[in-house]
Amino acid sequence: MKLKTGLIAALASTFLATATWAEEVRIMWYSDGNEGEVMQDLLNRFMADNPDITVVLDNVAYQTIKEQLPITLAAGDGPDIARVTDIKALADHWLDLTPYISDPEYWKTNFGAQMDWMRPDGSDAITGFMTQLTLVGGFANKTLFDQAGVALPGEGATWDDWVNASAEVQQSQGLAAAIAIDRSGHRISGPITSYGGNYIGADGMPAPVDDGVKAFVTKLVEWTNEGKNLKDVWVSAAGGTYRAAADDFINGQVAFYYSGSWQIANLSTKIGDAFDWVATGSPCGTTACSGLAGGAALVGIKYTKHPEAVGKVMDYLSSEAVVREFTERTLFLPAHAGIVAAGGLNFQTEDPNVKAALEKFVAASGQTSPAADALPAWKWASAYYTALVNRTSQAMAGELTLDEAFARMDQDIAEQVKQAAQ
């Protein structure tokens, strides 16, 4: 009996030592398409090679990332790593990975172009890397255009050209609306800069809404009132709540959808061969034909209790082979300079719409306006986006006049600046 008791105690001790030794790293993750499945596959390989680290991928809704994570971070808590898009405004919460990664120069060489997007102003910290680059732009349901006998607007077509052509398709095919735009201040900011809008004052602080903002927002509200823009996308939510219109496009309810390159895998998976679709780039305003560059960043959280393990996980996920595989399987545009330079990506899809769409977004990336290019690294971009989406939707709902909406935008932005200073 004593032998058995001693054996059990020894086994229990070994188990507890093993359990204690394995560090747990939690990643808060959201997906637009299949990237959560791909990431889990990659992490399973990492854990097989690193049994001392357990990585838990917490798949959450994008809205959780947008609304709940900032609250958690403000309380000095959070996951160990997170995939985020609001990367500049929350940069004070990111972990400086420099002491915990094996080769900081590798990170600077391959991810340096976007590092200022995800760290506090004036800092040289390495806080994470972009899992992909994105560009805002449009998609057209080519099958619906063909069935309606309406030609797709060509190179240099304006927003009015696209809306009017889509309205012809709407009338011919009995669609819910001609166009749909994601309920997002980020999404409409490229078009706003195409009409000459600029958010950044000479002192680097938010400028009052200008004629460019007013020009595009006025058009957007008018299109909504005319039944051309899918109203429900914008008025079905309040405040800064995000609402994508991807499902409306996938279900054939609109002829033109304005979102971004991250939707390519989602559209390919869900549309299949139901209809032909094409990427269009961004329609033109009065001064440019601009989308807005951006992307999702994978960042370390400075409140982690396992910074060394976080560094090891991030080293693995940022390695060239892993980034390449992630890119090819998720159909994203890579942010890794070495991969971009080498080219030869073998995107894993049999959908003929995908390659053409990716090529179109790559071409459109050279047409972004300087005002749009300045936004990803600007601290107050998120404050501006939130004010835009909130007050624009209220104007669409008839709760505010346009003049009242513009005045409230300035007030909202000023209030966010004031709160940040407290």
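The values are calculated or read from the model by the stated rules, or taken from the named source; none is laboratory data. From a predicted model like this one, the values you see are computed outputs, not experimental measurements. In this analysis, Cβ positions are derived from the backbone assuming ideal geometry, glycine residues included, and neighbour counts consider all displayed protein chains.
Numerical summary
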quantity: Residue identified as buried (at least 20 other Cβ atoms within 10 Å of the Cβ), under 22 Å from the mean Cα position of the chain (by Cα), closer than 29 Å to Ile188 by Cβ and aliphatic (A, V, I, L, M) among Ala265, Ala255; calculated: Ala265
quantity: Lone qualifier among Gly281, Gly291, Gly300 - being closer than 21 Å to Ala157 by Cα and crowded, with 24+ Cβ neighbours inside 10 Å; calculated: Gly291
quantity: Single unsatisfied condition, Glu399 versus (1) within 30 Å of Ile250 (Cβ to Cβ); (2) of a type in the set (D, E, K, R); (3) modelled with pLDDT of 90 or more; (4) in a helix (DSSP H, G or I); calculated: (4)
quantity: The stretch 407-422, residues that are in a helix (DSSP H, G or I), out of contact with any helix residue (DSSP H, G or I) (no Cβ under 6 Å at 6 or more places or on another chain) and not charged (D, E, K, R); calculated: Ala407, Gln411, Ala414, Val417, Gln419, Ala420, Ala421
quantity: Residue match in the stretch 354-365 (condition: surrounded by fewer than 16 Cβ atoms within 10 Å (Cβ to Cβ) and of a type in the set (S, T, N, Q)); calculated: no
quantity: Condition check for Ser290: within 30 Å of Trp107 (Cβ to Cβ) and of a type in the set (S, T, N, Q); calculated: yes
quantity: Hits in the stretch 57-69 (condition: within 16 Å of the chain's Cα centre (by Cα), under 13 Å from Ser31 (Cβ atoms) and surrounded by 14 or more Cβ atoms within 10 Å (Cβ to Cβ)); calculated: Asn59, Val60, Tyr62, Thr64, Ile65
quantity: Residues (hydroxyl-bearing (Ser, Thr, Tyr) and part of a helix (DSSP H, G or I)) located in the stretch 320-357; calculated: Thr327, Thr330
quantity: Hits in the stretch 404-422 - residues which are modelled with pLDDT of 95 or more and within 18 Å of Asn198 (Cα to Cα); calculated: Ala405, Phe406, Ala407, Arg408, Met409, Asp410, Gln411, Asp412, Ile413, Ala414
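Matching residues to (1) closer than 30 Å to Trp107 by Cα; (2) outside the structural domain of Lys66 (by TED's automatic domain parsing):
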{"position": "Ala202", "(1), (2)": "no, yes"}
{"position": "Val235", "(1), (2)": "no, yes"}
{"position": "Gly252", "(1), (2)": "no, yes"}
{"position": "Tyr258", "(1), (2)": "no, yes"}
{"position": "Ile264", "(1), (2)": "yes, yes"}
{"position": "Leu298", "(1), (2)": "yes, no"}
